[in-house]
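Structure first, then comments.
Each reported figure results from applying straightforward, stated rules to the coordinates on display, with no laboratory input. Since this is a predicted model, take the numbers as computed values, not measurements. When we count neighbours, we look across all protein chains shown, and the Cβ atoms used for this are built from the backbone with ideal geometry, even at glycine.
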Amino acid sequence: MKRDLNCINGLYIGLVVVIFACTTIVQLDAASETKTCFQKKSPCFLKKQTCPTQCPSFSPPYGSTKACVVDCFNPICRATCRNRKPNCNGKGSACLDPRFIGGDGIVFYFHGKRNEHFALVSDVDFQVNARFIGLRPSGRTRDFTWIQSLGLIFGPNSKTFSLEATKAAKWDHQVDHLRLSFQGKEISLLKGDASVWSPPGGYIKIERTSDINSVLVTLPDIAEIWANVVPVTKKDDMIHKYGRPENDCFAHLEVQFRFLRLSQNVEGVLGRTYREDFENPAKPGVAMPIVGGEDKYRTISLLETSCTACVYSSGSESLEKMERLLLNQNNVDCTGGSSSGVGIFCKK
């Protein structure tokens, strides 16, 4: 009799554990956000993707290090996690002085020229320009440069948005060094992780990815841009021999782009690397492969769309008639473990 009671108690406890586990899984699934892909030419058309339990939200709350990402052109059709700040070793990134990683995965440097503007991406309905700051120590023939600001022009009515790192003599980690403007008017974005701003009409969304100095800029169905403000440190100055003055820490941007659509004709310092016919001029095996294009991509101001190679047309061309690039942009993030991408393993 005692043995039977023990068996019954064991079965009861096992049943309770199973029910609890199933309930927990259901609750976790219910808490995860979902997104359906509506791009007709994508392999995931009309398929719903659910965020993993490790990153259940596209806009996670305070303190989260990972956000959910859906790539409708990834043939696996599965949502993944990514770091909430720019991954300077990932595709579409522009960091340091400035070091780019193109859509083809090749690293290259584009120095441009200090106090001038260049088109990073130019497509029929979307353009991103960058203002470069820098200095030229005595005896050097080329400027050291960094990306100080971004200017976005987008949509059929050529709406504008700018994001810049404000000048600072000394770097203070407790000061917000970001300045944001939409349609020429400065935006007041509350400090604090997950603070969000969006204008009426929802043309653009800006959300902080940390209390200060880091944001995610989203242009619905066009692009996502992660941006972070950093200084040129004394250590950087000593290693690279920049000759940084005492009254300017050259606060600048680290950025990473994720494009949701691009045409076959996309241009720009970074944009051209996503074209199927692009042959990267960066020389393999060179420590700092520098590519040119200053004359092709120079614009007269941060929000000017004209340059020799620019293709922006105020959205006047029908996007439905434009042949699109099929983008498979797995955002590999090697900060989260050995396997951080779909079918890709990170090695140290």
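Some points to look at:
- Three principal axis lengths of region 85-299 [C-alpha, angstrom, descending]: 52, 45, 27
- Full-extension gain in nm, N247 to D104, via 0.36 nm per residue minus C-alpha separation: 47.6 nm
- Neighbourhood charge, 15 Å Cβ-Cβ cut-off, centred on L219 and excluding it, Lys, Arg +1 and Asp, Glu -1: -1
- Ranking of W226, W197 by count of other Cβ atoms within 10 Å, fewest first: W197, W226
- Put in line by how crowded their Cβ is, counting other Cβ atoms within 10 Å and starting with the fewest, T166, T218, T145 read T166, T218, T145.
- Here's the list of lysines a cross-link from K159 could span, going by alpha-carbon distance under 17 Å and ignoring same-chain residues fewer than 8 apart: K185, K205.
- If R0 is 22 Å, the Cβ-Cβ spacing of K41 and K205 corresponds to a FRET efficiency of close to 0.35.
- Among D277, D176, a tally of other beta-carbon atoms within 10 Å of each Cβ gives an order, fewest to most, of D277, D176.
- Potential extension, Q183-V286 segment - 0.36 nm per residue separation minus Cα distance: 32.9 nm
- Potential lengthening of the chain between K191 and A168 amounts to 6.4 nm, from the contour at 0.36 nm per residue minus the alpha-carbon distance.
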